[in-house]
Amino acid sequence: MPGPAKLLRLAPWLLPVVTALGGLLAIDVPVVALVKYSGYFGCCVVLPGVLLMRALWRSTGNWPEDVGLGAAVGIAYQLAGWALFTWLGWQQVLVVWPVLVLLGFALVPRLRQYWRLSEPQPLPMAWSWGLAICLTLLALATTQGVMADHAPPPHGIAYYPDGLYHLSMVNELLRSVPPQLPQVAGEPLKYHWFPNADMAGAVDITRVSPIQVMYRLWLIPVMFAGLLAGAALARQVSRVWWTGVLAGLAFVVPQLGYFAPAWPQVDLVGPVGLLTPSQTLATLVIAAAAYFIIAALYRGGGRGVWVLAVAVAVVGGGSKPTVLPILLGGVGLSALFLLLKDRRIPWRSVGIGGLIAAIAVWTMLTVAGSTAGSGIQLFAIAKFQPGYRLATGDGSLAGTGGLILPSLTGDRLAVAGALLTLAAFAIAHAGLLAGLGLSRSKVRHDPVAWWLVGALTASWLGLSVVDHPSASEYYFLRSGLPFAAAALGWLIAAGVRGRSRRTIQWLGLAGLAIGTAIGVWAGLLRASGTGSRLAQVGFLARPVLVVAGLAALVLVGWLLVRRRKGLAGLGTAFAMLAVIGLPIGTVATDAWSVLDARGSGHYGSVSWRVYPDEMAAAQWLTKNSAPDDVVVSNTYCRPPGALLPGCDARLYIVSGIAGRRTLMEGWAYTQQGMAENGVNGVKYFFQPSPWPDRVQLTEQVMTAPTAQLLDRLRSQYGVRWIYADLRDGPVSATLGVLAVLRHQDSRVKIYELTGP
């Protein structure tokens, strides 16, 4: 029986667990599914990962950090098993893979020691409570915010297309390795699909539906592990326990707006999100990979930690194309620092850098997709910022244009608008920029400081030069969050070292309060205006000038009082604390501004509405068809029935909800589709299909079917089913003669092609 002291140390961690479970139950997640998935994640992911980490390297000295880092190792191990078992067709017994680890560590005497902490190094209870509160807020914001807004089928009526696209990949990864493109049967899937494969492995073991795993169960444990891994990284580099709590705060603040009832219901802004599972997993693995790499290079790690670093880096490369360039930036700059400092080649850094580069090449050739249509343009991210187009007159399409943002080569007003837009962007992301101050701090002689500076530099370079048609360059910054949080914490810790607890507490409160106040003022003045371009530039200038003016006043005030109050030498720490406070103020202001706005409480979009008969038909198809069956469907896009002009080719009813391969469904996110971005001045969403022959075949099947045509579909493409939606165009009555009508619900009919 654990003693009272151990139970007391466990108490903080029960709070986020109970909150997460309660939040999921409140949005109608079945108890059985919760029990199954909780057991799966604990016993098949976390526990094997922790045991492997301890055996290959060591423990961190405490369970929470071991769980965060061990989850990343466990996911890497689980993905290897998923790939092997799915390739062999043994998916139904995938549970054997994690059980092998558990049995090995239970039966081999030499391995039994790793079940417990051999050298405990408990952290203060304030650390435990601080991180537990961060996790609790994250769980509440996620379950009662964006999850509640995005009800999974069959309860909702509109689904943001990215979610159904990811769901289509989960279904595909249940059946084949290497996977096919579910929207274009027979074509290879080119996307960073490792998060979806991780979900598929969970479905194989738990037998919980892919919809429940994707929309409800997968996100929170991975998100929790990411926060714990980020906190472990912050403590590792600074060697100060409370920097982990600051890292947890950095994770949580962007999500807090989801407590506002009418907050924008598409979660594409925070560090983790329901609709961007690739970024959620990337956040976990990039923090864990960095932890292991730094341990291998600068913290006395042995060979085993190199294995951990490489394994987790592979998962990072298959989760988001931004991960490995950022890790290379960290390794490269720290290696350059050592080369200049010691006048000799740092071979360990060269070795691990070479391994990461090789992994990057392999993943780019195999699993890293969604990069088509991208180009190089300096500061292209400005095109996606509020007020930019009206102020500069630059209407160029993202992913097109020259090497420099067009407005920077325009007239004076355009240049002013562009510079103000970029300045506002830098202020809004000051927390991701301020960590570069490590290069001028008291710890700049430590190669780990240059490692973090290199990672942050790579993040900002990626953001500044890549021009993606849907602003995916922004993921460079989001992937850099763990390093920014660790760098900020280290700067503050170095600045307050040797000061009394009372001084640190007052400095912390003052810095956070002033930063929050500045953020509130900037948020109150941030608005888009109407009228001339000059007026638009004025609207852009107001928050930037206010922040600059208030920062100048704070600086003057600090210079006047620092010597009188004994605050000399604390300026950097105070500034970093104010930077942490900025987003608290802006998020609070944004949330306040929408409190009176009317909201349905659910994500609503006429374009992305899935009608009840469409839902019922998709579910019928799931139950009555084989996983490998191919379907002809006219559900390409929304609005219904539109091809061109006006077709947004991101609809995934059959490949997503039904989980079946299609001859042709929404093609927007395919590499071939994205490569057409900008043709005739049209965004890739609205480009015609790169497979016009398949579109033509589908149209012929729906409007003028013949026996020969259906025979061709069966023999050439393996088609067995026809999903005909009258909203998306006319359907010939002849289909009922040539094929067998198996299901009809209002405006949707499903036919089966029978025969040899």
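Bear in mind these aren't lab numbers, they're just calculated from the coordinates by the rules spelled out. It should be emphasised that the depicted structure is a prediction, and the values quoted were computed from it without experimental measurement. Reconstructed Cβ throughout: ideal geometry from the backbone, glycine too, with neighbour counts over all protein chains shown.
Numerical summary
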read-out	value
Modelled FRET efficiency - R0 30 Å, residue 436 with residue 525, Cβ distances, 0.05 increments	0.65
Packing rank of 670-680, 49-59, 500-510, where each peptide gets the mean count of other beta carbons within 10 Å, highest leading	49-59, 670-680, 500-510
Under the span-like rule (Cα at least 30 Å along the axis, Kyte-Doolittle mean at least -0.5), DSSP H helices of the chain	4-26, 63-88, 277-298, 501-525, 533-561, 571-593
Label assignment, Cα Rg over 2.2 N^0.38 Å derived from the structure, set (i) 1.07; (ii) 1.28; (iii) 0.98	(iii)
Segment residue 555-residue 364, extension gain: residue separation times 0.36 nm, minus the distance between their alpha carbons	64.1 nm
Inter-label distance, nm, simple model (7 Å from Cα along the C-beta direction), residue 592/residue 563	3.7 nm
Size of electric dipole in the chain: Cβ of Lys, Arg +1 and of Asp, Glu -1, about Cα centre, debye, nearest 20	2960 debye
Cα lying deepest toward the dipole's positive end in the chain, options 281, 735, 85, charges on Cβ	281
Calculated FRET value between residue 259 and residue 464, using beta carbons and R₀ = 45 Å, to 0.05	0.85
Lys/Arg +1, Asp/Glu -1 at C-beta; the stretch 346-482 dipole; positive extreme among 388, 469, 452	452
Residues residue 680 and residue 737, FRET efficiency given R0 of 51 Å [Cβ-Cβ distance, rounded to 0.05]	0.80
Assigned charges on the beta-carbon of Lys, Arg, Asp, Glu; the stretch 248-377 dipole about Cα centre (debye)	540 debye
Calculated [θ] (222 nm, deg cm²/dmol) that DSSP helices of n ≥ 4 give over the chain, each run adding -39,500 (n - 2.57)	-18000 deg cm²/dmol
Relative contact order of the stretch 331-593, defined on C-alpha pairs under 8 angstrom at six or more residues apart (%)	22 percent
Dipole magnitude of the stretch 331-593, debye to nearest 20 (Cβ charges: Lys/Arg +1, Asp/Glu -1, about Cα centre)	1280 debye
Per the chain, cysteines lacking a partner by the 4.7 Å Cβ criterion	43, 44, 134
Hypothetical label at residue 121: residues of the stretch 216-234 whose amide nitrogen lies under 19 Å (7 Å Cα-Cβ projection)	228-234
Selection from 178, 311, 24, by position along the positive dipole direction of the stretch 4-320 (Cβ)	311
Mean Cβ neighbour count within 10 Å, used as a protection proxy, ranking 290-298, 128-136 highest first	290-298, 128-136
Distance in nm between pseudo-label sites at residue 708 and residue 499 (7 Å out along the Cβ direction from Cα)	8.4 nm
Extended-chain gain in nm, criterion 0.36 nm per residue less alpha-carbon gap, residue 605 and residue 534	22.2 nm
Descending semi-axes in whole angstrom, ellipsoid equivalent of the stretch 664-756, from the Cα gyration tensor	28, 15, 11
Contour excess over end-to-end distance, with Cα ends at residue 397 and residue 357 and 0.36 nm allotted per residue	11.2 nm
Hypothetical label at residue 411: residues of the stretch 358-392 whose amide nitrogen lies under 16 Å (7 Å Cα-Cβ projection)	389-392
Cα→Cβ-extended label distance, 7 Å offset, between residue 343 and residue 404, nm	4.2 nm
Burial order of peptide ranges 311-321, 62-72 (average beta-carbon count within 10 Å, highest first)	311-321, 62-72
